[in-house]
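Below is one structure, written out as structure tokens; comments come after it.
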Amino acid sequence: MSEFAHIVVRREGNVEHLVLNRPHVRNAFNDELIVEVSAWAQRASADRDLRAVVISGAGPSFCAGADLAWMTRMAGYSREENLRDARAAAAMFDAINTLPVPVIARVHGAALGGGAGLAAVADVAVADESATFGFTEVKLGLVPSIISPYVLAKIGQSAARELFVTGRRFSAEHAREIGLVHVVVAADQLDRTVRKFLDEILANGREAMATAKALLRDIASRSITDATPLTTETIAARRASGEAQERMREFLKK
């Protein structure tokens, strides 16, 4: 029996596939799904053999945001209970965002609210050309608050301002244009395209990719002057690392 009720974890060599598995509600988030994804992410972060992660959704959609039944219950929560739930969701997105290995989002169907947030925390997002995105929280009197730092980092303030206040749904092609998605393909090309990205990733140094991800997070809000000490220290350390020395020797032999 699986240790999880709402996600399926499938391992293929050094790649882990995380499948959101609540297709009857289009893989919408509730408190139980958030707990399971957080537990998986904590384990994945400590897995030294892991090289990449692919996140996808079972059934007709990637992730339709928050479960309406869950949100209805929240209306009766105290402020402290709402803060507890919000902090749990924030911790889940942070755990995915800070995974030391590349994360690929395989998006099909609807990617709304927190589902679009999953695309934002992925390093690579590949979408079916018929996929639909949206930060639709304002339609329900809510705000895409928890995912906003990740979305802003991906699409910038101009696109975020329009999409956050209109709450409109938009196409996969528009998602690509604003940087939320990197590649848009026909449905029958989704898996092949994900595989191409995995082939690129698996050819790279694991430590180097982890360092690159951490470096981007660290310098994102710094000026060039403030970032320079960190960037120079980082490359100096990587040049002397065992991984880099071995890979450079192999390259020179060729």
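The values are calculated or read from the model by the stated rules, or taken from the named source; none is laboratory data. All values reported here derive from a predicted model rather than from experimental measurement. Positions of Cβ are generated from backbone atoms using ideal geometry, with glycine treated the same way; all protein chains shown enter the neighbour counts.
Considering only segment 157-254, give the helices (runs of 4 or more DSSP H) lying wholly within it that have at least 2 residues that are closer than 26 Å to residue 146 by Cβ and outside the structural domain of residue 144 (by TED's automatic domain parsing).
Because the criterion is at least 2 residues that are closer than 26 Å to residue 146 by Cβ and outside the structural domain of residue 144 (by TED's automatic domain parsing), the helices (runs of 4 or more DSSP H) in segment 157-254 that meet it are 206-219.
Can you find a residue that is touching a strand residue (DSSP E or B) at 6+ places or on another chain (Cβ under 9 Å) and of a type in the set (S, T, N, Q) anywhere in segment 192-201?
For segment 192-201, residues touching a strand residue (DSSP E or B) at 6+ places or on another chain (Cβ under 9 Å) and of a type in the set (S, T, N, Q): present.
To keep it simple, each residue is scored yes or no on (1) surrounded by fewer than 24 Cβ atoms within 10 Å (Cβ to Cβ); (2) in a loop (DSSP other than H, G, I, E, B); (3) touching a Lys or Arg at 6+ places or on another chain (Cβ under 7 Å).
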| residue | (1), (2), (3) |
| --- | --- |
| 105 | no, no, no |
| 111 | no, no, no |
| 117 | no, no, no |
| 120 | no, no, yes |
| 130 | yes, yes, no |
| 137 | yes, no, no |
| 142 | yes, yes, no |
| 146 | yes, yes, no |
| 152 | yes, no, no |
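Can you go through 207, 200 and tell me which one is within 19 Å of the chain's Cα centre (by Cα) and of a type in the set (D, E, K, R)?
Checking each option against the conditions leaves just 200.
How do the strands (runs of 3 or more DSSP E) wholly within segment 1-67 filter down when requiring 1 or more residues that are in contact with a Cys (Cβ under 8 Å, 6 or more places away or on another chain), touching a residue at least 24 places away in the same chain (Cβ under 8 Å) and buried (at least 17 other Cβ atoms within 10 Å of the Cβ): which remain?
Output list reads 15-20, 52-57.
How many residues does segment 73-103 hold that are outside any helix (DSSP H, G or I) and more than 17 Å from the chain's Cα centre (by Cα)?
Of the residues in that region, 4 qualify.
Can you say whether residue 219 is in contact (Cβ under 8 Å) with a residue 12 or more places away in the chain and of a type in the set (Val, Ile, Thr), as far as the supplied structure shows?
yes
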